[in-house]
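To start, the structure under review is shown below, and the notes come after it.
Any read-out appearing in this document is the output of simple, stated calculations on the displayed coordinates, not a laboratory observation. As the structure is a prediction and not an experimental result, all values here were calculated from the model. Because the Cβ atoms are built from the backbone with ideal geometry, glycine has one as well, and the counts that use them run over all protein chains shown.
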Amino acid sequence: MSEKAGIRRLVTAVVGVVAVVVLAVVVTSGSDPTGHRLSATVTEATNVIAGQEVRAGGKVIGVVDDLEPIDRGHRAKVTLRITEDDAWPLPRGTKFSVRWGGTASFYNRYVRVERGEDGGPVLADGATIPAGDFTVPVEVDQLLADFDVRVRRDLKRFVDNMGPALARARGGLEETLEEAPPALEQGRIVIGELVADRGSLAETINRTDKVVDAVRRADPGLSSLLEGAARTFDAIADRSTELERTIQALPATFRQVRQTLPKADTTLQGVSKLAGEIRPGVRELRRIAAPVDRTLRAVQRVTPDARATLRTVRRDGDDINRFVTRLTTLSPQLSSTSDEAITALKCIRPWTPEIVSLLMTWGDFMSWNDGKDKILRAQIQHFLPAQFNSHPMKPAEVAKLYPGMTYGFPRPPGYNAGQPWFQPECGAGPDALDPSKDQEANAPIARPMPEMQTSRKKARR
């Protein structure tokens with residue numbers, strides 16, 4: 001390789017490195033990371049792109065830094081970057097709006113900032129602008145979309161009917177317009193007088209409202225009252241002579257009343273004393289009135305059924321008598337059976353989890369799937385080998401031959417979960433886990449439990 005070729009390659013490599021450095025500087029200087037960022041989530045951001053201007057009072061104070069679709073494209077997150085230091089910080093309540101670039105420019109858009117009142121809280125760097133403070137313009141297609149087929153049809157019908165209607169009303173409108181100025185002038189004077197004294201006007205309106213409301217609530221009772229008053233006055237006029245004689249007799253009547261009142265006072269005192277004595281009884285009577293009323297209603301409802309029952313008893317009295325006699329004869333046996341059933345249920349209750357688990361296990365075992373997929377179940381069984389077919393082994397002997405086996409008969413509740421709950425009164429005590437004390441091996445003939453024997457003795461007595 002010649003010396004000139006080597007120098008040429010070295011120069012080429014140096015120029016390439018310098019170009020890469022210059023390009024990196026240019027790229028770095030083009031993406032200015034400075035500024036303060038604010039973001040807002042809007043329903044639409046049509047024709048808003050990164051790099052558009054943010055203006056305040058006609059001055060560019062920043063740019064649209066980023067636009068990110070969210071909520072699967074149903075909304076957009078607009079990020080603004082404020083680059084002018086004299087415009088920062090922005091007070092809370094500042095309004096932001098996306099504006100068109102001109103009356104016929106739909107793409108050259110910018111964000112206008114209407115600064116809020118200074119002196120209060122400010123927006124922090126990276127804050128989210130409230131949705132009510134960031135507005136987007138109404139697009140032309142949105143406006144036209146409201147004029148669907150039905151709206152256009154109704155608008156056309158309105159325009160078609162408006163012409164003939166105005167033509168028919170032309171004469172009346174012209175006369176109205178000619179007569180309107182004097183009437184409007186008088187109306188202006190009346191309104192001016194009313195407005196001049198607003199306090200009296202408000203008081204008049206309130207009083208009128210109360211009067212109208214009282215008349216409204218009294219109607220139609222007000223009309224009936226006036227008619228009744230008219231009839232009363234007519235009757236008084238027809239009986240004027242009798243009314244005069246009555247008025248003349250009033251003095252003597254009042255004297256008689258004055259003499260009677262002292263006697264009535266004594267009587268009223270007795271009545272008052274009597275009322276005080278019967279007041280507790282009245283209170284009790286009021287208290288029990290409602291229950292007694294409900295009881296009487298219930299008796300009234302069941303009376304037909306009671307009558308039908310009595311008729312049935314009267315008709316089938318012999319059969320009922322024989323049934324009661326038979327029931328009396330069997331009552332000792334029924335009592336003994338009930339006692340034994342109670343004892344048995346007390347012994348069955350602790351095994352409730354095992355019983356439910358057994359039913360669920362067999363129900364699941366007999367199904368073809370577990371709700372997710374098809375499955376295959378197999379139950380592998382292995383029987384203990386017997387040394388002689390005619391010589392069965394006892395559990396104690398099997399436990400010695402196979403030390404790894406466990407024994408439990410009957411198994412106490414909770415044995416399967418490793419938490420046995422012994423029930424000695426039901427034959428499932430600690431001995432139930434000892435194979436040398438197997439109940440079937442030691443007592444071939446099953447005997448009833450002690451509590452059952454006691455119940456049977458009571459029944460025989």
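Table for the structure above
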| quantity | calculated |
| --- | --- |
| Using θ = phi - 60° and Karplus 6.51 cos²θ - 1.76 cosθ + 1.60, couplings along region 277-282 (whole Hz; Gly, Pro as x) | 6, 8, 4, x, x, 5 |
| Cα pair distances exceeding 17 angstrom across region 151-196, given as percent | 59 |
| Dimensionless Rg over Rh [region 32-145; C-alpha; Kirkwood] | 0.96 |
| Label point at R55 placed 7 Å out along Cα→Cβ; residues across region 107-122 whose backbone nitrogen lies under 14 Å | 107-114 |
| Note, ³J(HN,Hα) from phi for region 127-136, Karplus 6.51, -1.76, 1.60, rounded to Hz, x at Gly and Pro | 6, 9, 6, x, 4, x, 9, 10, 10, 10 |
| Distant-in-sequence amide H partners of R37 (H built 1.01 Å from N, under 5 Å) | I82, G126 |
| Two-site label geometry, R170 and R322: point separation in nm, points 7 Å out along Cα→Cβ | 10.9 |
| Separation in nanometres of the label points that stand 7 Å from Cα toward Cβ, at K394 and E114 | 10.3 |
| Long-range amide H partners of Q423 with built H, under 5 Å | A428, G429 |
| Amide H contacts under 5 Å for I61, placed H, 5+ residues apart | V54, R55, A56 |
| Point-to-point label distance, R283-T361, nm (Cα→Cβ direction, 7 Å offset) | 6.8 |
